[in-house]
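Asker: The following block contains the structure, expressed as C-alpha cells.
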Amino acid sequence: MVSPFLDVQDLSKSFGDEWLFSDISFSIAQGQRVGLIAKNGTGKSTLLSILSGRESYDGGKIVFRRDLKVGYLEQTPRFNDDDTVLDACFSHNGEEEKVLRAKQILTQLKIGNLDRKIGTLSGGQQKRVALANVLINEPDMLILDEPTNHLDLEMIEWLERYLSRGSKTLLMVTHDRFFLDRVCNVILELDGRQIYQYRGNYAYYLEKRQERIEAARAEAARANNLYRKELEWMRRMPQARGHKAKYREDAFYELEKRAKQRIEGRQMRLKSSNVYIGSKIFECQYVSKAFDDTVILKDFYYNFARFEKMGIVGNNGTGKSTFIKMLLGVVSPDEGKFDIGKTVRFGYFSQEGLKFDEQQKVIDVITDIADYIDIGAGRHLSASQFLQYFLFTPEQQHNYVYKLSGGERRKLYLCSVLMRNPNFLVLDEPTNDLDIQTLQVLEEYLSDFPGCVIIVSHDRYFMDKVVDHLLVFNGNGQVQDFPGNYTQYRQWKDDYGDDQNKRQGEAGTKNGTSNKKEETQNDNINKVEARKHKLTYKEKTEFEQLEKEIENLEKEKCEIEQALSSGAISVEEITKLSKRLPVVTELLDDKTMRWLELSEYVS
C-alpha cells in the first residue's frame, strides 16, 4: 500500500484555555488537491503553519512521506528588503533554465523588473513574489494560504489552470469559491474543533454538508427528547444509586452534551426597509484622470441609477480603486467632476481597513458607533444582535480586539461600516480574508440592501451573487459598461470579446463619450451582436414559458421563506421546506440565466 504524502493523527492545538481543534485526523494522498474551509478565528492558518513546521502544537502526530519536498505560501510572507526579486524567489546560481522558468511565472503574476529590491514592493506584490517562489521550486506538495489574495482576475484564472494541470498535490485555504470548485477534488471542513472530509469539489461539499447538518439536527432532536425523559429520572433518583444507576447517570451527562450541542443554522435574512435614497445618485461628468503615462479615465461619462448594484472588475493597476476614491472625493480628477445627490450617505469599506483600539472589546467598537440599527417597520437590531447576524458569537463579542484573527478584524471593520446605516455602500475588495460563511451572510445582506452598491472585487462567485451589471476597466482609460454579472461577461467575452478588441484597435476608439445622448461604442457592439441571431419559434415558446415558470418559482420561494421564518410550522414541515428551498433557488437561478440569454435576442 502506498503511504500518503501527509498523515495527521489526533492533532490538537490550544491558545491558553481556548482550543482551536482537538484530536483531528486526516491524510492527503498524491494527486489530491485539498481545500480547507473553516470560520475566521477557528484555526485554518494556524493549522497550515503547524504543518509547515513554523508553529508548535499540543498533541498528536504529523508524518510526511520520506524526502517529500513541501512548498509553503504563508498569508503574510516575510523577505529581506535588500534582496532583489529574483534572489527572493530562489538561489539560482546563474542557472539559465531556472532563471527562464522564474521569468515565465513572474511574468504571469505581473512582476516585471527582477532586479528591483523587495523592500520597494507593495504588500500585494510581495505576496505574488512569494507565490512565484513556491511555484518555481516545483515542490512535491504545495501548502497555500489564501493564494488568490492580491491577484487580479487574469492571474487567478491562470493560477487555476496551472494548479489543475497534471497530478499536483496541494492543501490550501481560500475564500474564492470559483477557485475551490475548479481546482480542488477534496474539501476538508474544520468545524466545532473537528474535521470533516468531502471527496469532491466545492459544489459537492455544499450538498453533503447540508446533509450532515440536517442529520446532526435530527440527532440533536432525538437526543433532546431522550434528555427530557432522563432529566426526570435524574430528579426523581437523587440518592442511593447503585452501579447500574451510576452507569445511567454517566450516560445522562453524555446525552446532555449531545442535546445541547450548537448546530449551525441558516441565518435569518436581514431585510432593512429603513434606507431612503433620492432619485439623483451621482453623475460622472466626462472625467479624466492619469498618473504620469498611466491613463485611468478619459472623458468618461456615467449616470448612476437608483438602487443599482454595480461591480467593478479589471486587472491590477487599471484604476478601479482610483475611480471610487474620486467618487468619494479622496482623489481629485484631472478634468470633469462627480455630481452627487444630496441624500447620498456613503459607507466606504477600503482595502486599507480601519485601525482599531487593540484594548477595546468587539461589542464596544460597535456600540461606540450606535447602540442599535433601525431596520424599518418599527424593528430594531441591537449592536449585539447585529454582530451575531455577522457570526460573532456572544462570547466573541466580549473578546478584546488584539485577540482577533486577521479575518475577524476585517469582519469587524465591515460591521462598523454597515452599523452607520449608509444608503450607498462602496466596498473595495470586501471578500479578502473573510470566511465563506461570512461571505454568504454578506451576499444575502447586499442582495436585500434597499440602497445602492458599488463593489470592487476579484471574487467572481461573490460578484455573480450580488451585482446586476459591471464596469470593466480594460486599461489605458478604456472602461466598458456590461449589462450582466461576471459569468455572463466571461461568456460574452469568449464569444465576441476578441472581435470587439480588434474593431476598437482598428478604429482607434477610446472609452467615454462627448455627448450624453450618444450611445457608447460598447452598447452599439452589444446591439449589433444581439441582432446577429433571431429567436426560432421553439426559442420564443421557451422564452414565454420561462417567464411563467420564473414567476411561479419566485412565488414559491417567497412562500417557503415566509413559512420558515414564521415559527408556526411543525418540525416535519421545516425539514421538508428546508430541502425544497435550495432546489427552488437553483431552478430559479438556472431558468433566470436562460431567460437572460434568450432576452438578448428579443426584438
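The values are calculated or read from the model by the stated rules, or taken from the named source; none is laboratory data. Small disclaimer: the values here were computed from a predicted structure and weren't measured. All Cβ positions, glycine included, derive from the backbone under ideal geometry; neighbour counts span all protein chains shown. With ligands, DNA and RNA removed, areas are computed over all heavy atoms of the protein, side chains included. Shrake-Rupley method; radii C 1.70, N 1.55, O 1.52, S 1.80 Å.
Asker: Using the Karplus equation 6.51 cos²θ - 1.76 cosθ + 1.60 (θ = phi - 60°), what ³J(HN,Hα) coupling, rounded to whole Hz, does each residue of the range 460-477 give in order, writing x for Gly and Pro?
Answerer: 5, 4, 4, 4, 4, 6, 10, 8, 10, 7, 10, 9, 9, 8, 9, x, 6, x
Asker: Using a cut-off of 17 Å between alpha-carbon atoms, which aspartates and glutamates can reach K103, once sequence neighbours fewer than 8 places away in the same chain are excluded?
Answerer: D83, D87, E95, D115, E138
Asker: Another one. What's the carbon and sulfur percent of the range 393-436's accessible surface, probe 1.4 angstrom, rounded to a whole number?
Answerer: Using a 1.4 Å probe with all protein chains present, the range 393-436 comes out at 48 percent carbon and sulfur.
Asker: Could you please state how large a percent of the accessible area of the range 43-113 is carbon and sulfur, counting protein chains only and using a 1.4 Å probe? Kindly include the intermediate steps, with their values, before the conclusion.
Answerer: On the way: 1770 of 4220 Å².
In the range 43-113, the share of accessible area belonging to carbon and sulfur is 42 percent.
Asker: Under a 1.4 Å probe, what is the accessible area of the range 335-451 per residue, stated in Å²?
Answerer: 41 Å²
Asker: On full extension of the chain, what length is gained from N474 through R345, given 0.36 nm per residue of separation minus the C-alpha to C-alpha distance? Could the numbers behind the result be given before it?
Answerer: Working: separation 129, 0.36 × 129 = 46.44 nm, distance 2.91 nm.
Stretched fully, the N474-R345 segment lengthens by 43.5 nm.
Asker: Measure off 7 Å from each Cα along the Cα-to-Cβ vector at D67 and E219, then give the distance between these two points in nanometres to one decimal.
Answerer: 4.3 nm
Asker: Also, quick follow-up: What's the extension gain from M593 to R116 if we count 0.36 nm per residue and subtract their Cα-Cα distance? Walk me through the intermediate numbers first.
Answerer: Working: separation 477, 0.36 × 477 = 171.72 nm, distance 4.66 nm.
Here the answer is 167.1 nm.
Asker: Test of the criteria: in the range 1-109, which trypsin sites (Lys or Arg not before Pro) are in a DSSP loop and have at most 12 other Cβ atoms within 10 angstrom of their Cβ?
Answerer: Answer in residue order: R54, R66, K69, R78.
Asker: Follow-up. At a probe radius of 1.4 Å, what is the per-residue accessible area of Y205, in Å² to the nearest 10?
Answerer: 10 Å²
Asker: Please give me, ordered by residue number, the chymotrypsin sites (Phe, Trp or Tyr not before Pro) of the range 25-108 that lie in loop per DSSP and have at most 15 other Cβ atoms within 10 Å.
Answerer: Passing sites in the range 25-108 do not exist.
Asker: Which of the residue pairs K325/K361; K13/K61; K298/K355 have a Cα-Cα distance greater than 23 Å in the structure shown?
Answerer: Cα-Cα > 23 Å for K325/K361; K298/K355; rest within.
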